[in-house]
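A short worksheet on the structure shown next.
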Amino acid sequence: MHIFGVDIGGSGIKGAPVDLDRGDLAEERCKVLTPQPATPDAVADGVKQVVEHFGWTGPVGLTFPGVVTGGATIRTAANVDKAWIDMDARALFGERLGGLPVTVLNDADAAGVAEMSFGAGRDRRGPVILLTFGTGIGSAVFVDGVLVPNTELGHLELHGHDAEKRASSKAREDEDLSWEHWAHRVQKYLAHVEMLFSPELFIIGGGVSRKSQKFLPHIEGIKAEIVPAQLQNNAGIVGAAMRAAKAG
Ligand code: BGC
C-alpha cells in the first residue's frame, strides 16, 4: 500500500508516496523551500505544490516541528511562525489539498515511528528515545514500541539554557563549534535525559545521523546504547505516511 508523506522542516518541505510494506519512498521525493516567514498560508501552498507534483489524490500524512494534539491542532511553534499556535492544521491542509484526508504529527514523533518499525529501533522493547538534532532538538519516547507523543525533551533546561539552543545542530553551526566540542554538549544533554528516563537505547536522528562518525566516538559515560538513525532524511516522510495509514 502507498500513502503520501510530507515532512515540513525549517528549510524544506519534502514529500513522496511511501511504500508502507518496505517503509521506504515509492518514488523520488520532491522538495520545495520552506517559505520565509513560514506562515500557515505560505506553508500550505508549499505542501500543495509537493502533493500536486505527484498528482496524488489519496490520504496525506504531514509532520510539523511543534506539539500537535489530536492529529490536527498545533500547540507550539518554537522555530516557525507563531501564527501556527492553536491552528487546526488538519483543516488548513485538508482544505488546501481539495478535501484529501489529512493527518498531522510532530516531526520527531514521525521520525521515531518510522525508525521503530523500519530502522534502528526495530524489534527493540523497553524504553527507547529518539532525538533529532537539527534546527531544534526533537524527541520521541517509546516504551515497548508504543509512542508517548509530544515529549519535547529538546526544551529541557541545560545549564540555565533551553537545551536545543546549546546542543542542536544549528547551535554547532552558528557558534562554529568543532565536532568534539559539540559532542561534549550533546553528551551533557544525553546524561540529563538519561538521568530522567534511563532509556535502554538512544537513537540519534536528524541530518547529523549521516555524520555520526564525527561525534559519536567523542561521547562517553552514557549507560544506554547510542546508535545513529537509519532512515536518515526520509524518516519523517515515512512516519507521517504510517500515521495517515493508521488514521484510516
Ligand atoms: C520543537 C519540537 C520539534 C523539534 C524538532 C523543537 O523546537 O519544539 O516540537 O520536534 O524542535 O523540529
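Overview of values
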read-out: Fraction in percent of alpha-carbon pairs per bin - 10 Å, the chain; value: 8, 34, 36, 18, 3, 0
read-out: Computed Rg/Rh of segment 167-223, alpha carbon atoms with Kirkwood Rh; value: 0.95
read-out: Out-of-range pairs (alpha-carbon distance over 31 Å; input Lys214/Lys246; Lys31/Lys211; Lys48/Lys246; Lys82/Lys223; Lys188/Lys246; Lys31/Lys188); value: Lys214/Lys246; Lys82/Lys223; Lys188/Lys246; Lys31/Lys188
read-out: Karplus-derived 3J(HN,Hα), 6.51/-1.76/1.60, for each residue of segment 123-139, Hz, glycine and proline x; value: 6, 8, 8, x, x, 10, 10, 9, 10, 9, 10, x, 4, x, 10, x, 9
read-out: Signed unit charges on C-beta, dipole axis of segment 98-248, positive-most listed residue His184, Val143, His218; value: Val143
read-out: Value of [θ]222 nm, deg cm²/dmol, for the chain, DSSP H segments ≥ 4, -39500 (n - 2.57) each, nearest 500; value: -9500 deg cm²/dmol
read-out: Dipole magnitude of segment 1-154 about its Cα centre (Cβ charges: Lys, Arg +1; Asp, Glu -1), debye to nearest 20; value: 140
read-out: Computed lengthening from Glu28 to Ile222, 0.36 nm per intervening residue step minus Cα-Cα distance; value: 66.1 nm
read-out: Value of relative contact order over the chain, rounded to a whole percent, pairs C-alpha under 8 Å and six or more apart; value: 22
read-out: Linear extension gain, Lys211 paired with Asp86, 0.36 nm per residue minus alpha-carbon span; value: 41.4 nm
read-out: For Gly121, distant residues with modelled amide H under 5 Å away; value: Met116
read-out: Shape call, segment 107-248: gyration tensor on alpha carbons, a/c limit 1.5; value: prolate
read-out: Spin-label pair Lys165/Val146, simplified geometry with 7 Å Cα→Cβ offset, distance in nm; value: 3.6
read-out: Formal net charge of residues neighbouring Thr73 (Cβ-Cβ distance under 13 Å; K, R +1; D, E -1); value: 0
read-out: The chain: most fluctuating residue of Ser168, Ser198, Ser139 per GNM, C-alpha cutoff 10 Å; value: Ser198
read-out: Taking segment 78-146 and dividing mean pair separation by its residue count, relative contact order in percent (alpha carbons under 8 Å, at least six apart); value: 25
read-out: Interchain or long-range residues, amide H under 5 Å from Met87's placed H; value: Ile74
read-out: Highest-fluctuation residue, Pro37, Pro17, Pro228 considered, GNM on the chain with Cα pairs under 10 Å; value: Pro37
read-out: Prolate/oblate/rounded label for segment 11-125 (Cα gyration tensor, a/c 1.5); value: oblate
read-out: Three-way shape call for segment 87-180 based on the alpha-carbon gyration tensor, with the a/c threshold at 1.5; value: oblate
read-out: For the chain, share of DSSP beta bridges that run antiparallel, in % to the nearest 5; value: 60
read-out: Modelled FRET efficiency - R0 41 Å, Ala247 with Ala191, Cβ distances, 0.05 increments; value: 0.65
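Taken together, the values in this text are just the output of simple stated rules run on the coordinates, not laboratory data. Since the model is a prediction, treat every value here as computed from it, not as a measurement. Don't worry about glycine lacking a Cβ; one is built from the backbone with ideal geometry, like all the others, and counts go over all protein chains shown.
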